């Protein structure tokens, strides 16, 4: 047991606990806050993988933007969320069984995958250089198309979401 | 050091928790949160595989994929929440089962 | 590299621990004499009406939305900015296209009047 | 290594040797030293805040033609310490219906989110904390935790005004994050790294000369992120009861206060590091300790500028503030980024003077263009001045004769 491993186990425990709480919490705002904790834990996992850029982006995008958006939406749909009554539908038990089976299947398939046994320590990536990623994203023979497509995706999301969510004043009257 | 399958196990667990939430939650915001958890699990997997298999070769596909997942997650949250707000405005509910106007 | 993150982790823990410790000490030092009037919700002396969960307007969500999109977009530009000295003119033009696509989104939101605080 | 020229690494070296001499493993020694450093910086920053509060009140008093604190000690210098002693013994009031954990977590998180920035700041060439390669993004990301603290405070308080204040605050903070994140791309472009050490090292000529427009945008945004006047809608006393921290009392309220003042100073430090060259200055190579002094002087100048703005400008209305952000700063930041990238790429790096000249000219042109456009817009849509009848005077006879005639 090295220090890294202990740290990893603690982080995973936090992530798992908070994600369980976030899918079971009764009040939606609590659910969102547990979700934030889970996201921070995942950011620590990214930092352990020495993917520092992604650890920071995780905090910036997920905690700083997506979680806040979710909390805003929770507030906007507040009246329906008096949180009385059941938070789960009738399929809870069945789903639990199904999910357990899927998890068991995943574990079995992991066990039976031979190359995995050799992968016990990460490759030595000196210090993940963000610039290499940037160069690859904009080089003509790199990932130019995905890069531009993401911008179109974001544009579509922006326009679509505004179109759906924004109410004109005339409509109100 | 940490073996790769620890990361994979963690990702699998988070994915299953998220899946459970997606199927059982009645509140549609809750469903969205669960989906985001599943996307996070996928991200852990991608980065772990990149780190253990490709970090030395300069192969960046894993990272590019993670970036795209970030963008997809953001877009999904934006549009999904906008639709929930819109549905709430018309039906005064966010329970997924009750938003069924699309049903023929 | 991991050493730096170790320092950062220690620093974050300490940064959380010191205010927590200060609050704890102050909690020991301070008097505790609660009474119902003191503990009631403060609304300038008025009686509290209704639950504290008031309905918010959609404008907050709109700002959050535009922020989310631009935040993600800019974060994607950071790797490019780090590699800026090495990219060719092609890379710069590509980023201009990237930004222009998103700026058209901002223009749409603006024209739609969704940026006004009403 | 000489003690006079560079004291901090000297002490660290000495301590390391001492601890190693006791037979401790090197990893443990490093961890211990990290711990000591973190505690020293955090405590130092928080105690420094008491001095900042005094300085701010004193300077604010001078700006507004008052004396400011002047009773406790010479020039009232111990006023904050007296205040601190008082606030430590104040009662915590836990209002009914609060959500215990978020309510108590919020003040801690608010301070921690500001303190965390100090972990990545290079104080001089040899004294720096975590030299991570994404420090710049880290600073912005940690600001997100501050927003989380505000949300926690707002919804934990079980008070509709707190919630409303929290949401207005978060709307402001996230909005001003957009132009800030965009203009921070420019220093990253010039230095080719997101690490603050590299950014400072690249600033033989400070980036404020390369990119003045970006610098101004960043300055405005960091004032807005602090929630200081003219962007102090977060605590607009006359509009919202007191913002998100209305239900807090005792040191829990004090923590928000500390976070606020510390945040102002911290953004002055960040501004200095990113745009004013941090510890760079004449003679730093020979004597690294000078770098710390330069850093402090620059930071204090920036901080004084922030105070001057705070104590002289009136508050924005929330719609004006949002319009300033989304309709002026964000488009301007995008255009500045693209133009800077294009101009800088088209001029070879060897021609330093030409490059700087071109960048400065482009920036000035951008500024003039933005100014022209705003003026033209204002001409087309003039500000509606709300006027009404003057209030009747209680004693009209005291009016000077001229005004009396005008009134009739």
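The values are calculated or read from the model by the stated rules, or taken from the named source; none is laboratory data. Please read these numbers as outputs of a predicted model, since none were measured by experiment. Don't worry about glycine lacking a Cβ; one is built from the backbone with ideal geometry, like all the others, and counts go over all protein chains shown.
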Looking at D:329, D:365, D:369, which is the one that is at pLDDT 90 or above, in the same structural domain as residue D:231 (by TED's automatic domain parsing) and either assigned to a helix (DSSP H, G or I) or more than 23 Å from residue D:203 (Cα to Cα) (or both)? D:329
Looking only at the range D:262-299, count every residue that is within 19 Å of residue D:52 (Cα to Cα) and either touching a residue at least 24 places away in the same chain (Cβ under 8 Å) or outside the structural domain of residue D:129 (by TED's automatic domain parsing) (or both) and tell me the total. 15
When only residues in the range A:159-173 that are facing chain B (nearest Cβ under 7 Å) and at pLDDT 85 or above count, which is nearest to the chain's Cα centre (by Cα)? A:161
Within the range A:3-19, identify whether any single residue is in a helix (DSSP H, G or I), at the interface with chain B (Cβ under 7 Å from one of its Cβ atoms), more than 16 Å from residue A:62 (Cβ to Cβ) and touching a strand residue (DSSP E or B) at 6+ places or on another chain (Cβ under 8 Å), and answer yes or no. no
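Okay, residues lined up against (1) loosely packed, with under 15 Cβ neighbours inside 10 Å; (2) not assigned by TED's automatic domain parsing to the domain that holds residue D:256:
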| position | (1), (2) |
| --- | --- |
| D:5 | yes, yes |
| D:14 | yes, yes |
| D:36 | yes, yes |
| D:51 | yes, yes |
| D:100 | yes, no |
| D:104 | no, no |
| D:109 | no, no |
Could you say whether any residue in the range D:85-97 is touching a residue at least 40 places away in the same chain (Cβ under 8 Å), within 14 Å of another protein chain (Cβ to nearest Cβ), assigned to a helix (DSSP H, G or I) and in contact with a helix residue (DSSP H, G or I) (Cβ under 9 Å, 6 or more places away or on another chain)? yes
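Could you pull out every one of the helices (runs of 4 or more DSSP H) wholly within chain B that has 1 or more residues that are more than 7 Å from chain A (Cβ to nearest Cβ) and over 19 Å from residue A:106 (Cα atoms)?
B:28-49, B:61-91
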Taking the range C:81-93 and keeping residues at the interface with chain A (Cβ under 7 Å from one of its Cβ atoms) and surrounded by fewer than 20 Cβ atoms within 10 Å (Cβ to Cβ) leaves C:86, C:90
Just need a number here: residues in the range A:118-142 that are at the interface with chain C (Cβ under 10 Å from one of its Cβ atoms), modelled with pLDDT of 75 or more and outside any helix (DSSP H, G or I). 3
For residue D:61, which of the numbered conditions (1) buried (at least 18 other Cβ atoms within 10 Å of the Cβ); (2) within 22 Å of residue D:306 (Cα to Cα) fails to hold? (1)
Here are some residues: C:107, C:12. Which one is at the interface with another protein chain (Cβ under 7 Å from one of its Cβ atoms) and either modelled with pLDDT of 90 or more or part of a helix (DSSP H, G or I) (or both)? C:12
Residue A:90 modelled with pLDDT under 85, more than 30 Å from residue D:120 (Cα to Cα) and surrounded by 13 or more Cβ atoms within 10 Å (Cβ to Cβ): no
Which numbered condition residue D:166 misses (of (1) part of a helix (DSSP H, G or I); (2) under 18 Å from residue D:271 (Cβ atoms); (3) touching a residue at least 60 places away in the same chain (Cβ under 8 Å)): (2)
Hey, can you tell me all the residues within the range C:62-75 that are touching a residue at least 12 places away in the same chain (Cβ under 8 Å) and at the interface with chain A (Cβ under 8 Å from one of its Cβ atoms)? C:62, C:66, C:69, C:73
Kindly provide the set of residues from the range D:121-135 that are within 8 Å of chain C (Cβ to nearest Cβ) and either within 15 Å of the chain's Cα centre (by Cα) or in a helix (DSSP H, G or I) (or both), ordered by number. none
Given (1) more than 14 Å from chain C (Cβ to nearest Cβ); (2) surrounded by 15 or more Cβ atoms within 10 Å (Cβ to Cβ), residue D:343 misses just (1)
